[in-house]
Amino acid sequence: MEEFRISEQGMSYRPGKLLCIGRNYAKHAKELGNEVPESPMVFLKPSSALIPSGAHIVIPKMSNDVHHEVELVCLIGKKGKDIPVEVAMDYIAGYAVGLDMTARDIQNQAKAKSHPWSVAKGFDTFAPLGPFVSSQSVNDVADLTIELRINGELRQSGNTQDMIFSVAELVSWCSSIFTLEPGDLLYTGTPEGVGPVAPGDVLVATIAGIPELTVGVKNA
Ligand code: MG
């Protein structure tokens, strides 16, 4: 993806780094047999994994088990380092719904070997991202219904009020490690109900008040 636009404000941003939070909903952590973390668990995806609504997720030849994870995505609007929680929301320019696609079989092998998740999370097309709305147009980011349907069937349904770490806490935490820059994206974790996708599936990801994300699935 070349750039993101926030239509209401006429702003555009070049994609920066993709900061992704793991295990930020307790029920999802448990469904994969993981402990609920004491501090945010962050990993990175390459921006080359981004695809827009209307595109296709490509199942790589190396995996037989690619999972959907529907997530609220924050667009960072200004540069910041060591951002206090109290002002962290000022650094968010917009929100979108995204999918953190995961090759679960490769991730499980990586976990067993204590290897990083870069391969499992970083294939081309593994970061579908819907259109952004401005942060001002979202009333309460801590009370948003987030859902994923496959071929019309509800597979994931959660609410951002069940996040272990709030959006503000995540922005603050990430900025204590990485300088945040305009165009950076923060994938805030997925609620329970993750599962595999198959060629021919149509995924529709929704968050109330944010434009939906629709993607197909095909083999490499
Ligand atoms: Mg995720």
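Taking the alpha-carbon set of segment 88-181, what are its Rg and Dmax in Å?
15.7, 44
Could you sort the peptides 35-41, 48-54 by per-residue average Cβ neighbour count (10 Å cutoff), highest mean leading?
Sorting 35-41, 48-54 by mean packing, highest first, produces 48-54, 35-41.
Could you tell me the ratio Rg/Rh of segment 1-50? Both radii from Cα atoms, Rh via Kirkwood.
1.16
Tell me the accessible surface of Met62 in square angstrom (1.4 angstrom probe, heavy atoms of protein chains only), to the nearest ten.
The accessible area comes out at roughly 130 Å².
Sort segment 18-81 into rounded, prolate or oblate with this rule: let a ≥ b ≥ c be the square roots of the eigenvalues of the Cα gyration tensor; rounded if a/c is under 1.5, and if a/c is not under 1.5, prolate when a/b is larger than b/c, oblate otherwise.
Oblate is the answer for segment 18-81, as a/c is 1.5 or above yet b/c matches or exceeds a/b.
Assigning unit charges at the beta carbon (Lys, Arg +1; Asp, Glu -1) and nothing else, what dipole magnitude in debye, to the nearest 20, does the chain show about its Cα centre?
680
Taking H placed 1.01 Å from N in the peptide plane, check which residues at least 5 places from Ala93 or on another chain put their amide H under 5 Å from its amide H.
For Ala93, whose amide H was placed from the backbone, the distant partners under 5 Å are Leu75, Ile76, Gly77.
Name the long-range amide H neighbours of Gly195: under 5 Å, sequence gap of 5 or more, or other chain; modelled H, no Pro or chain starts.
His68
What is the magnitude of the charge dipole of segment 133-220 about its Cα centre, with +1 placed on the Cβ of each Lys and Arg, -1 on the Cβ of each Asp and Glu, and no other charges, expressed in debye to the nearest 20?
Dipole about the Cα centre, nearest 20: 280 debye.
With every protein chain in place, what's the accessible area of Thr179 (1.4 Å probe, Å², nearest 10)?
50
Which one of Asp184, Asp82, Asp100 has the biggest mean-square fluctuation once the chain is modelled by GNM with Cα springs under 10 Å?
Asp82
Got a sec to turn the phi values of segment 101-116 into Karplus ³J(HN,Hα) couplings, 6.51 cos²θ - 1.76 cosθ + 1.60 with θ = phi - 60°, whole Hz, x for Gly and Pro?
Each residue of segment 101-116 in turn: 5, 9, 7, 5, 5, 5, 4, 5, 5, 5, 4, 5, 9, 6, 8, x Hz.
From zero up to wherever the largest Cα-Cα distance of segment 4-219 sits, split into 10 Å bins and tell me the percent of pairs in each.
9, 37, 39, 14, 1
Return a single number: how many Lys pairs in the chain, at a sequence separation of 8 or more or on separate chains, have alpha-carbon atoms below 15 angstrom apart.
Pairs that pass both the separation and distance tests number 9.
For Arg14, Arg104, Arg155, write out the residues from largest to smallest accessible area, computed with a 1.4 angstrom probe and no ligands counted.
Working: Arg14 190, Arg104 10, Arg155 95 Å².
Reading off the accessible areas and sorting them downward yields Arg14, Arg155, Arg104.
Relative contact order (percent) for the chain, with alpha-carbon contacts under 8 angstrom and 6 or more residues of separation?
Reported relative contact order: 33 percent.
Kirkwood hydrodynamic radius, computed over distinct alpha-carbon pairs, for segment 137-220: how many Å, to one decimal?
14.7
Sequence-distant or interchain residues sharing an amide H contact under 5 Å with Asp65, placed H: which?
Amide H neighbours of Asp65: Arg104, Asp105.
May I ask you to evaluate 6.51 cos²θ - 1.76 cosθ + 1.60, the Karplus curve with θ = phi - 60°, for each residue of segment 208-219 and list the ³J(HN,Hα) values in order in whole Hz, giving x for glycine and proline?
3, x, 10, x, 6, 10, 10, 9, x, 9, 9, 7
Can you find, among Gly195, Asn108, Ile150, the residue sitting farthest towards the positive end of the charge dipole of the chain, where Lys and Arg contribute +1 and Asp and Glu -1 at Cβ?
Positive-end residue among those listed: Asn108.
Give a residue-ordered list of calculated ³J(HN,Hα) values for segment 156-169 (Karplus: 6.51 cos²θ - 1.76 cosθ + 1.60, θ = phi - 60°; whole Hz; x for Gly, Pro).
Once θ is set to phi - 60°, the couplings for segment 156-169 become 10, 8, x, 9, 5, 5, 8, 5, 6, 10, 5, 4, 4, 5 Hz.
The values are calculated or read from the model by the stated rules, or taken from the named source; none is laboratory data. Just so it is clear, the model here is predicted, and its values are computed rather than measured. Ideal geometry is used to build each Cβ from the backbone, glycine not excepted, and the neighbour counts take in all protein chains shown. Ligands, DNA and RNA are excluded from the accessible area calculation, which covers all protein heavy atoms including side chains. Shrake-Rupley method; radii C 1.70, N 1.55, O 1.52, S 1.80 Å.
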